[in-house]
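Below is one structure; the comments refer to it alone.
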């Protein structure tokens, strides 16, 4: 029988890391057509 380990707030931590990664990628874009970008 497999037991699933419970990792508290794992989904939130993953979402937070994805948001930071996407924000960094957007900062690196040098396209003048891209104005203000909001991540939520």
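Some points to look at:
Residues checked against (1) modelled with pLDDT of 80 or more; (2) over 14 Å from the mean Cα position of the chain (by Cα); (3) in a helix (DSSP H, G or I):
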position	(1), (2), (3)
14	yes, no, yes
26	yes, no, yes
30	no, yes, no
36	no, yes, no
40	no, no, no
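- Pairing each residue of segment 11-36 that is on the phi < 0 side of the Ramachandran plot with any residue that is surrounded by fewer than 10 Cβ atoms within 10 Å (Cβ to Cβ), provided the two are 6+ apart or on different chains, yields C-beta distances under 9 Å for 13/7; 19/39; 19/40; 22/39; 23/39; 26/34; 26/39.
The values are calculated or read from the model by the stated rules, or taken from the named source; none is laboratory data. The structure presented is a predicted model; accordingly, all values stated were derived computationally and were not measured. All Cβ positions, glycine included, derive from the backbone under ideal geometry; neighbour counts span all protein chains shown.
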